[in-house]
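Read the structure below first, then the notes.
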Amino acid sequence: MQLALAEAEAAAAAGEVPVGAVLVDGHSGEVLAAAGNRIESDFDATAHAELLAIRAASQKRASPRLNDCDLYVTLEPCPMCAQAISLARIRRLYFGATDAKGGGVENGPRIFSQSSCHHRPEVYGGLDESRAGELLKRFFAARR
């Protein structure tokens, strides 16, 4: 989670919403990919940290399935990212702050609870929640 928080801080420094994600091989602990949001810099509404990390890890593994991998992300994934996590068959999801407005795991549509969800990762929320939440609060306070 420390690396994901560092990615979030780098994203904030680049003017992006501070969200960071890291994909790790669940057996060896090898970091397969790390990313921060790049929505503004890439001019891409789908350039969320989670999707960027999933894409990079899938390329590294030459596989769309990341069955034995764990994803660490600083903010509860949105519905789009939650669905991508399911499609990639990620083993475990660890996240920091919850997102009452835009979340898709514990809030909103709760993607993994839907009968149409083909794969449900183990989910662990609240990791370094205060630090992740503070990054977001500082970022948005500076924008107002």
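Accessible area, 1.4 Å probe, largest first: how do C69, C78 sort?
Working: C69 0, C78 25 Å².
The ranking, largest first, comes out as C78, C69.
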Quick one: helix 2-13 against the long Cα principal axis of the chain, what's the angle to the nearest 10°, folded into 0 to 90?
40 degrees
Using the heavy atoms of the protein chains and a 1.4 angstrom probe, tell me the accessible area per residue for the chain in square angstrom.
49 Å²
Which Cα, out of S58, V73, H48, lies furthest along the positive dipole direction of segment 41-87 (beta carbon charges, K/R +1, D/E -1)?
S58
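Defining a contact as two alpha carbons under 8 Å apart and six or more residues distant in sequence, what relative contact order in percent does the chain show?
Details: 325 pairs, mean separation 28.9, N = 144.
It comes to 20 percent, rounded to a whole number.
State to the nearest 20 debye the size of the charge dipole of segment 50-144 about its Cα centre, where the only charges are +1 on K and R beta carbons and -1 on D and E beta carbons. Present the calculation step by step, with values, prior to reporting the outcome.
Working: 15 positive and 10 negative charges, 64 e Å.
For segment 50-144, the charge dipole is close to 300 debye.
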Surrounding charge for E122, neighbours by C-beta under 13 angstrom, Lys/Arg +1, Asp/Glu -1, total +2
Counting only other residues whose beta carbon sits under 13 Å from that of R143, what net charge do I get with K and R as +1, D and E as -1?
+1
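Using a 1.4 Å probe on the protein chains only, how many percent of the accessible area of segment 1-134 belongs to carbon and sulfur?
Details: 3110 of 6170 Å².
Its accessible area is 50 percent carbon and sulfur atoms.
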Full-stretch length increase - A10, H27 - with 0.36 nm per residue and alpha-carbon distance subtracted
3.4 nm
In degrees between 0 and 90, to the nearest 10, how far off the longest principal axis of the chain does helix 49-61 point, with axes built from Cα atoms?
40 degrees
Rounded to one decimal in Å, the inverse mean reciprocal Cα-Cα distance for the chain, i.e. its Kirkwood radius, is 14.8 Å
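The values are calculated or read from the model by the stated rules, or taken from the named source; none is laboratory data. Since this is a predicted model, take the numbers as computed values, not measurements. In this analysis, Cβ positions are derived from the backbone assuming ideal geometry, glycine residues included, and neighbour counts consider all displayed protein chains. What goes into the accessible areas is simple: the full protein's heavy atoms, side chains included, and nothing from ligands, DNA or RNA. Shrake-Rupley method; radii C 1.70, N 1.55, O 1.52, S 1.80 Å.
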